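The values are calculated or read from the model by the stated rules, or taken from the named source; none is laboratory data. Predicted model, so just to flag it, every value in this text is computed and none were measured. Note that each Cβ is placed from the backbone with ideal geometry, even for glycine, and that neighbours are counted across all protein chains shown. The accessibility values were calculated without ligands, DNA or RNA, using every heavy atom of the protein model including side chains. Shrake-Rupley method; radii C 1.70, N 1.55, O 1.52, S 1.80 Å.
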Amino acid sequence: DIIERLVDPGRTVFNLSKKIKPKGKILISIPNISHIDVISGLIDGQFNYSKVGILDSTHIKFWTKNSFYEFIANVNETYGINLIPRLVKKTTATDSTIETGFFEDYCGKDVYTFQNVFELTFGSIKYIPKIKKKSNYKKMISDYREMKSELNSLVNQLRGMDNSLSRTITKPL
């Protein structure tokens with residue numbers, strides 16, 4: 001649970017791999033930068049470090065599940081080793097004040113994952129899972145614009161109602 005705090009985590013993984021026996025394992029726990037708290041903060045224009053959590057002020061590297069697989073593939077290529085990553089556990093955490101269903105539609109269930117735990121073992125064949133990436137950004141933007149347009153229409157209707165004769169009469173009541 002320290003790899004996200006290291007300047008050169010790839011070298012550290014390589015150095016650890018030299019210390020384990022052929023059937024040994026390395027367990028790595030990483031915070032998930034694609035958690036709903038981070039995504040909603042980015043939408044609000046925020047990327048503020050804190051004392052604890054995913055944006056802990058000591059974190060200098062960030063991964064998603066997919067980018068961690070790519071990171072290990074890069075470590076393998078750079079150092080000529082063959083570590084095989086396997087996701088063994090997820091810790092989930094949601095914020096009850098945020099409507100997460102909307103984000104799940106576009107980002108997948110990993111939007112709830114707070115932390116991923118991976119097991120690295122040596123393999124005889126090169127195998128890094130190929131994760132099907134979601135490419136819903138354009139749809140998300142289109143849906144957002146459509147919802148914004150509908151919301152603006154509703155706001156205009158409410159303004160019209162607020163200025164109506166019946167509202168003027170009933171407003172004091």
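Annotations
- Residues (open to solvent by 80 Å² or more (accessible area, probe 1.4 Å) and of a type in the set (D, E, K, R)) located in segment 32-48: Asp44
- Test: Ile72 is farther than 17 Å from Thr113 by Cα and either in a strand (DSSP E or B) or in contact with a His (Cβ under 6 Å, 6 or more places away or on another chain) (or both): no
- The residue of segment 1-44 that is modelled with the lowest pLDDT, among those that are within 16 Å of Glu119 (Cα to Cα) and assigned to a loop (DSSP other than H, G, I, E, B), is Pro22.
The rows are residues; the columns are (1) surrounded by fewer than 14 Cβ atoms within 10 Å (Cβ to Cβ); (2) among the charged types (D, E, K, R); (3) modelled with pLDDT of 85 or more.
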| position | (1), (2), (3) |
| --- | --- |
| Ser50 | yes, no, yes |
| Phe62 | no, no, yes |
| Leu87 | no, no, yes |
| Asp105 | no, yes, no |
| Asp110 | no, yes, no |
| Ile125 | yes, no, no |
| Ser135 | yes, no, no |
| Met140 | no, no, no |
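- Single match in Asn66, Asn74 (criterion: touching a Lys or Arg at 6+ places or on another chain (Cβ under 7 Å), open to solvent by 30 Å² or more (accessible area, probe 1.4 Å) and farther than 14 Å from Pro31 by Cβ): Asn66
- Scanning segment 55-64 finds one or more residues that are under 16 Å from Thr113 (Cα atoms), without any contact (Cβ under 8 Å) to a residue 24 or more places away in the chain and touching a helix residue (DSSP H, G or I) at 6+ places or on another chain (Cβ under 9 Å).
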